[in-house]
1. For the stretch C:160-277, which helices (runs of 4 or more DSSP H) that fit wholly inside it have 1 or more residues that are surrounded by 21 or more Cβ atoms within 10 Å (Cβ to Cβ) and within 8 Å of chain A (Cβ to nearest Cβ)?
2. What's the total number of residues in the stretch C:105-150 that are more than 13 Å from chain A (Cβ to nearest Cβ), surrounded by fewer than 19 Cβ atoms within 10 Å (Cβ to Cβ) and at negative phi?
3. Only residues that are in a helix (DSSP H, G or I) and either of a type in the set (Phe, Trp, Tyr) or more than 10 Å from chain A (Cβ to nearest Cβ) (or both): list them for the stretch B:156-214, please.
4. Go through the residues of the stretch B:223-235 one by one and say whether even a single one is assigned to a helix (DSSP H, G or I), within 10 Å of chain A (Cβ to nearest Cβ), farther than 22 Å from residue A:77 by Cα and not polar (S, T, N, Q).
5. Go through (1) of a type outside the set (Ser, Thr, Tyr); (2) closer than 30 Å to residue A:224 by Cβ; (3) within 14 Å of chain B (Cβ to nearest Cβ); (4) more than 18 Å from the chain's Cα centre (by Cα) and name the single condition residue A:113 misses.
6. Taking helices (runs of 4 or more DSSP H) that do not extend beyond the stretch B:1-102, which have at least 1 residues that are more than 21 Å from the chain's Cα centre (by Cα)?
7. Would you confirm whether any residue within the stretch A:249-258 is within 14 Å of chain C (Cβ to nearest Cβ), in contact with a strand residue (DSSP E or B) (Cβ under 7 Å, 6 or more places away or on another chain), of a type in the set (D, E, K, R) and more than 25 Å from residue A:343 (Cα to Cα)?
8. Within the stretch C:230-258, how many residues turn out to be within 19 Å of residue C:274 (Cα to Cα) and in contact with a His (Cβ under 6 Å, 6 or more places away or on another chain)?
Amino acid sequence: MKVRHFLARERLQSLLDRLVEAGYEVIGPRVRDHAILFEPLTTVAQLPVGIIDDQAPGHYRLERTDSGRVFDWATGPQAIKPLTFAPRETLWRSERQPDGRLVFREQPPEAQPTAVIGVRACDLAALAVHDRHFLHDAHPDPLYRERRQNLFLVAVNCMRSAATCFCTATGDGPRAQHGFDLALSELDDGFVVEAHTQEGQAILDTLETTLASHDQLEQVEAGVERATRQQKRGLPDASLPEMLQAAVDHPHWQSLNDRCLTCGNCTAVCPTCFCQTHVDELSLDGQTASHGRQWGSCFDPDHSYIHGTVIRAERPQRYRQWLTHKFGTWVEQYGRSGCVGCGRCIAWCPVGIDVTEELAALAVAPDDALSKAPGDAPPKAPDGEDPP
Amino acid sequence: MTTGTRRPRIAVHKFSSCDGCQLAFLNLGEPLLALAEAVDILHFAEAGPVDEEAEVDIAFVEGSVATSQDAARLHGIRQRSRYLVTIGACATAGGIQALRNLHDADEWVSGVYAQPEHIDLLADSTPIAESVKVDLELWGCPVSGEQVLGATKSLLAGHLPRVDHSAVCMECKRQQAVCVMVAKGQPCMGPVTSTGCGAICPRWQRDCYACYGPAVQANVSALASHLADTGMPADEVARRLLFINGHAEPFQSEGLDWQARVITRQGREEEQG
Amino acid sequence: MTSPLVPHEAEVVGRRDETPDMFSLQLRFTDPEVQAAYRFTMGQFNMLCLPGMGEVPISIVSDPDERAMIDHTIRKVGSVTRNLGRLEVGDRLGLRGPYGRGWPTEEAEGTDLVIVTGGLGCAPSVSLIEYVLHRRGRYGRMHIIQGVKHSNDLIWRDRYAAWRRHPDVEVYLTADTGDTFWPWHTGPVTQFFERIDFDSARCSVFICGPEGMMRAVIKAMREREVPEERIWLSMERNMHCAIGSCGRCQLGPKFVCRDGPVFTCRELAPYLSHRGV
């Protein structure tokens, strides 16, 4: 069992200072534009003191409380995805020489050591999923890898859940389990700290701490227990890959046509969504060009466009793709579901579509066996040719 | 673009508009100077050169068809241009002045002008593409200078650029803007509006008002119902849709639908009242 | 670490118009070391890149034993492919690959082959047929079944004529709509399956074309009791990265670029039966 220490609240600044001295740029939670965002942090005074989040489907509001705690909010609109999977970046540039030759130059990976304070269990689980996606054996992604290797992660165990949280259902929280350097559990007068890596231990060793008392550890347990109890949302009690495969023709999908805006917000706030669009840019004289990628979304019809045809042409088909991938086919791809229970897709859906409710509806077998699947075509021509 | 040895030529034409799209072009600054080095800008009244009859490789057209002379002038421009690119909401969707298409424009004119007989006005303000073939449409009120520049580069290289018409929301998220709809309850049109603006409004904490036109397969009816369900009166829902791009589908049909609900309700109230 | 997404420079060493909207390019990496190290198998693809315009996935149609150059047959369907069509010998472009899993040419050795192609996307199967003919002794009987929408769509008529002169090769051509001088069949490709002579227990069925046709062929092959793992399909999906990262080509749990583009029917059966998956 790891030795757990206690860092008094007034010494929290020393953690920032030591990280800065160790060469890290420190990123932490700050209030900006009515939300909690991970932004550069220079002093603990910038942390969201007493701020909690009121979340519901399509709803996110910050509230001020009398508490002196700085990590009582549950989640912001983004996990740490933007720090590793850049929303937009250049992959290579090319130059046409006067003799017509083309020279391609890779965009060199550049990342500075970055310490992130306040990472939640769900965010860490999502990061582990992205590691599996971006760092797979055949073609590891150099840009992702460089940023990933430069991260120092200070996790925070959740003592409070938002109404949209359901990490207990996915098994990813509220306690941080793996993939961090230091973990903090916030009490009124300070933080129980534990190190999980040598780098974390090295920082911890420089802090003025005491051994955590039995009482303090019990308070941590009680806090995590409280956060667990606060979660009311759950997932159907079934194997979701099988359930979703069986539900491919479920009439419920069609109801999404009247609700889902296909705006892609759920995919952009999801900490595990990884889809990309590649984009090309040309200089005015046509001699130099750059090729980059940006966050894409399976809700964009262009995502499945192939010479003249959009494969998932109808809105419910795109919602089905997202949900079926996230909770179903993801398991075959990465050995686990793509959902870490952070609830962001519920809160940040402009019209408040709730994945847990959609899954519950899909888990109920349709009564009407004649119901049509989304966009299922009229009877096919005798040879089964796709209609033009 | 096959232009032989001569430099490519471009023109920027104006129809019924506020000149804001020409200004967006001008505001590009240095890239515009670089463009002027690479091409001959033969007609661009807001910037100086005037030669409306010039034959060009790319004609950018600002403004809508709104007066009796517009159609003929437009056909001439089409004939003298290899590519015709509309820039902005007026040229691409009829613009704010297309609001009159839904009303009695003559009545408005007599209400505003002392001598309305001197006003030459077609009944409808229409997008350029309703009169001539358009090769590329760039939306926005005003258009984005960067988008115009990007399109120019592609056309000079001989291919039509791919214009991203996914929702503003995706760009908001890429820019790390906080959703004003979810975090502040603002009636943002971003989920049904095409990207291209760089999510300017939400980045400045205000709701999108759809000046880049409908996103591809925008679910306008779902958003409108949501706005109404969360407390927006039907006439305001209609006005959100029948605005700068009110002539563009599906904004127009959906907007008229919500307008009809107001009229129906008013009618019922009058009957009852 | 070198990014797998950066193309190498390649040179056009040959080009040929196949039809008004199809053409073939012979390419060679300009770096001799890259060219020497380049190996591919039938059915794999490359990403062809015109800087500033984009990249497109294109099947490799040359013989894997041909080491001096790499052939692609391309249909002009979009901006990039149209501009690729304007390239001339000596022009440079970007090339990276090969990607994906191709046809199981070794696994199919010793079996009867049934190659079914629908529509215009026949370049991958044409190269497969040529591959087999150059190694004729390794394979059993070969049935070539080609369906087109309209008889005018059939390209490479001379090749079909040449193939049918080989021993143990049968060629069946059919069009949904044939003009007056169309000497072959009309109707679906499945009309031939009852009469063609192959060993259901020892055969390899290769299908390439529209997914609707694939579904119909699979159904017919099941009726002939061909095992699902002996039926292979070459799939097409939107691809930006070709290395299983961008997520656009997903078909159920499969990344078509990485796990395919050639799959067994068994792998895809749960996902092929529904539209918009």
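The values are calculated or read from the model by the stated rules, or taken from the named source; none is laboratory data. Keep in mind the model is a prediction, meaning the values are calculated, not measured. So basically every Cβ, Gly included, is an ideal-geometry build from the backbone, and we count neighbours across all protein chains shown.
1. Working: elements: C:211-223, C:256-259, C:265-272.
Here the list reads C:211-223.
2. Qualifying residue count, the stretch C:105-150: 12.
3. Here is the first cut: in the stretch B:156-214, the ones in a helix (DSSP H, G or I) are B:156, B:168-174, B:180-184, B:190-192, B:200-203.
If the condition is that a residue be in a helix (DSSP H, G or I) and either of a type in the set (Phe, Trp, Tyr) or more than 10 Å from chain A (Cβ to nearest Cβ) (or both), then B:200, B:201 are the ones that fit.
4. Initially, the stretch B:223-235 is screened for residues assigned to a helix (DSSP H, G or I), giving B:223-229, B:234-235.
Still in the running and within 10 Å of chain A (Cβ to nearest Cβ): B:223, B:225-227, B:229.
Adding the requirement that they be farther than 22 Å from residue A:77 by Cα leaves B:225, B:229.
Imposing the further condition that a residue be not polar (S, T, N, Q) reduces the set to B:229.
Yes; the residues of the stretch B:223-235 include at least one that is assigned to a helix (DSSP H, G or I), within 10 Å of chain A (Cβ to nearest Cβ), farther than 22 Å from residue A:77 by Cα and not polar (S, T, N, Q).
5. In the conditions (1) of a type outside the set (Ser, Thr, Tyr); (2) closer than 30 Å to residue A:224 by Cβ; (3) within 14 Å of chain B (Cβ to nearest Cβ); (4) more than 18 Å from the chain's Cα centre (by Cα), residue A:113 misses (3) alone.
6. Of the helices (runs of 4 or more DSSP H) lying wholly inside the stretch B:1-102, those with at least 1 residues that are more than 21 Å from the chain's Cα centre (by Cα) span B:30-38, B:70-79.
7. no
8. Within the stretch C:230-258, the subset within 19 Å of residue C:274 (Cα to Cα) is C:231-238, C:248-256.
With the extra rule that they be in contact with a His (Cβ under 6 Å, 6 or more places away or on another chain), the set shrinks to C:248.
Looking only at that region, the number is 1.
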